Structures are given as structure tokens and as C-alpha cells.
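To start, the structure itself, in C-alpha cells.
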Amino acid sequence: MTKYLISFPSAAMVVPAEELQAVADAAHAVVDEAKAAGVWVFGGGIDESVPPVLVDGDGTVTEVTYPQTTQLEGGYTVLDVPTREAALEWAAKIAVACRCAQEVRAFQYDPAG
């Protein structure tokens, strides 16, 4: 099995305020389905009110981030599925629930994982 990251940036999910609860309910239903199927690993949204920091090897904390990750935000799901096609099927379910397209990326194989 391979772990896949399914994600979307915050700006992609444009939902009227009165429909947010319906979107949340639909997203939670997909999460419940993934858990029942035994493919759920982790999911959640980046707390955009907490600024990112870099932690160096000596423990130094700097309130900056890598330039290429300044826009890292939105929602993330990690699933462990047997095929890329299965990951794409789950991404489609999440896209319907969240009302926005999903990006799919495979994690590299880790024999220790």
C-alpha cells in the first residue's frame, strides 16, 4: 500500500457561509467512510492563525519559513491505499464534499514505515 497526500489550498474552497455546515458534514462523512474502509491515516486543516517557524538543529526557533512554503495552508488528508487509482477515487469524493478540486501526491516508499 502507498500513502497519498490529498490536499487543497484555502482559497480553492469558496463556499457561502450558510453552506459551510453542509460542507463540513459532507467532509466528515467521507472521513468516516475512509476510516470504515481502513485507509484513513490522518487529516485536518492548517491553523492559519498560528504563524509557521523554522527550528534549526541546535533548537533555535526563527519566525520565518522556507520561501516556497509561504502559502502552505488549507486542508490535508493522508490515506493508505493499494493503488493510485484508489487515491484518485478518494480525492474525487473529497472534491465533492469540499466543493473544490484536490491535489494528489504519493509519498515515497519507506521500508521502516
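The values are calculated or read from the model by the stated rules, or taken from the named source; none is laboratory data. This one's a predicted model, so the numbers in the text were calculated from it and none came from an experiment. Using ideal geometry, Cβ is built from the backbone for each residue, glycine included, and neighbour counts are taken over all protein chains shown.
Kindly indicate the residue of the range 20-50 that is of a type in the set (D, E, K, R) and at pLDDT below 95 and also farthest from the chain's Cα centre (by Cα) among those meeting that condition.
The initial filter retains those residues of the range 20-50 that are of a type in the set (D, E, K, R), namely 25, 32-33, 35, 47-48.
So of that shortlist, the ones also at pLDDT below 95 come out as 47-48.
Values: 47: 12, 48: 14 Å.
If we take residues in the range 20-50 being of a type in the set (D, E, K, R) and at pLDDT below 95, then 48 is farthest from the chain's Cα centre (by Cα).
Across the range 32-54, which residue is nearest to residue 76 (Cα to Cα) among those that are in contact (Cβ under 8 Å) with a residue 40 or more places away in the chain and part of a helix (DSSP H, G or I)? For the range 32-54, the residue satisfying everything is 34. Only residues that are in a helix (DSSP H, G or I) and β-branched (Val, Ile, Thr) were counted across the range 60-113, and they come to 3. For the range 59-110, the candidate set comprises residues that are aromatic (Phe, Trp, Tyr) and surrounded by 13 or more Cβ atoms within 10 Å (Cβ to Cβ); within that set, the residue that is nearest to residue 42 (Cα to Cα) is 76. Looking across the range 60-112, the residues that are of a type in the set (A, V, I, L, M) and modelled with pLDDT under 95 come down to 64, 72, 112. Residue 28 passes every criterion in (1) out of contact with any helix residue (DSSP H, G or I) (no Cβ under 8 Å at 6 or more places or on another chain); (2) in a loop (DSSP other than H, G, I, E, B) apart from (2). Close contacts from the range 93-111, counting a first residue that is touching a residue at least 12 places away in the same chain (Cβ under 8 Å) and a second that is of a type in the set (Asp, Glu), with Cβ to Cβ under 9 Å and a gap of 6+ residues or different chains, come to 93/33; 97/25; 99/19.
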